[in-house]
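Quick notes on the structure that follows.
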Amino acid sequence: MSKPVKIDFVSDVACPWCAIGLAALERAIASIGGDLQVELHFQPFELNPDMGAEGESIADHLGRKYGLSAEQLAQNGEALRQRGEALGVRIDLQKRDRIYNTFDAHRLLHWAGELGAAQQHALKRALLQAYHGNGRNVSDRDTLVDIAAAIGLDAGEARRILETDTYAAQVREREHFYQQHGIRAVPSVIFNDRHLVQGGQPPEVFEQALRQLAGISG
């Protein structure tokens, strides 16, 4: 048997490179196959923790934040769309036109993680698809309950969590932990609490790291 590899995937639902990075990591894990043992955990990071519930136009937000022109934003968006398409990730630039606060989404992800790794992984993928592929408002609580229910999670419990401050302290603690350890950009993929790979890397980068850590020859 290979050595087990713990993976902490630090990311935000609103980050397109996080969707691309996760797809690349999943492809790397699938490429290695049954010899690989992984423990995959999703950790919270908010790109825009002060964003209001109504969100903001992505064009306005990125234009102000990075000083990009409409033409540059369009070019960057098309590059993202193509990278995503190559990995089976749909990024719809027409539907995904606003950026939202994601704190409640992270609270649901924390809950799903307590239920099990498979449930958390399924919810993470569903949230990424809902936002980047379908342009859904992932700060809206009815939308979040619907997404959770669609993958088989308890809709009533999801709503109870969202209507209270359940898991708020835990999410804040995890966010603070990774900030204190120097995480300033996402995706940040941490292997065995020691080895960091950042950005939407291609599958080959993740596969090489996993093989080395698991002791599996290429």
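The values are calculated or read from the model by the stated rules, or taken from the named source; none is laboratory data. Everything quoted here is computed from the prediction, not taken from an experiment. Heads up, the Cβs are rebuilt from the backbone with ideal geometry, glycines too, and the neighbour counts pull from every protein chain shown. Surface accessibility is based on the protein's heavy atoms, side chains included, excluding ligands, DNA and RNA. Shrake-Rupley method; radii C 1.70, N 1.55, O 1.52, S 1.80 Å.
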Task: Fully extended contour minus Cα-Cα distance, from residue 118 to residue 154, at 0.36 nm per residue - done: 11.5 nm
Open item on the list: With the cut-off at 1.5 for a/c, could you classify the stretch 1-88 from its C-alpha gyration tensor as rounded, prolate or oblate?
Closed with: oblate
Open item on the list: Using the Kirkwood radius over C-alpha pairs as Rh, can you work out the diffusion coefficient of the stretch 105-180 via Stokes-Einstein at 37 °C, viscosity 0.692 mPa s, in µm² per second?
Closed with: 261
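Could you order peptides 207-216, 62-71 by the average number of other Cβ atoms within 10 Å of their residues, highest first? If you can, show how the numbers build up before the last one.
On the way: 207-216: 17.5, 62-71: 11.2.
Put in order of decreasing packing, that is 207-216, 62-71.
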Task: Amide N proximity, the stretch 177-198 versus residue 212 label position 7 Å along Cα-to-Cβ, cut-off under 11 Å - done: 195-197
Task: Fraction of antiparallel bridges per DSSP, the chain only, in percent to nearest 5 - done: 60
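What is the projected area of the convex hull of the Cα atoms of the stretch 67-132, averaged over all directions, in nm²?
Numbers: hull surface 21.5 nm².
If you wrap the Cα atoms of the stretch 67-132 in a convex hull and average its projections, you get 5.4 nm².
Efficiency by 1/(1 + (r/R0)^6): what FRET value for residue 140 and residue 194, r their Cβ-Cβ distance, R0 = 35 Å, to the nearest 0.05?
The formula returns an efficiency of 0.40 here.
What whole-number value in cubic angstrom gives the convex hull volume per residue for the C-alpha atoms of the chain? Before the final figure, lay out the partial values.
Values: hull volume 26.2 nm³, N = 218.
Cα convex hull per residue, to the nearest whole number: 120 Å³.
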Task: Relative contact order (%) - the stretch 1-85, alpha-carbon pairs under 8 angstrom, separation at least six - done: 37
Task: Helix-derived mean residue ellipticity, 222 nm - over the chain, DSSP H n ≥ 4, -39500 (n - 2.57), to 500 - done: -16000 deg cm²/dmol
Open item on the list: Just the number please: accessible area per residue for the stretch 1-148, 1.4 Å probe, all protein chains included, in Å².
Closed with: 45
Task: Relative contact order %, the chain, counting alpha carbon pairs below 8 Å whose residues are six or more apart - done: 34
Task: Distance (nanometres) between label positions extended 7 Å along Cα→Cβ at residue 64 and residue 204 - done: 4.1
TODO: Under a 10 Å cutoff between Cα atoms, tell me which one of 38, 189, 145 has the largest fluctuation in the Gaussian network model of the chain.
DONE: 38
Open item on the list: Given a 10 angstrom Cα cut-off, can you work out which residue in 187, 49, 202 is the most mobile in a GNM of the chain?
Closed with: 49
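Using a 1.4 Å probe over the heavy atoms of the protein chains, calculate the carbon and sulfur portion of the accessible area of the chain as a whole percent. Could you put the intermediate results ahead of the total?
On the way: 5130 of 10680 Å².
Ligands and nucleic acids excluded, carbon and sulfur give 48 percent.
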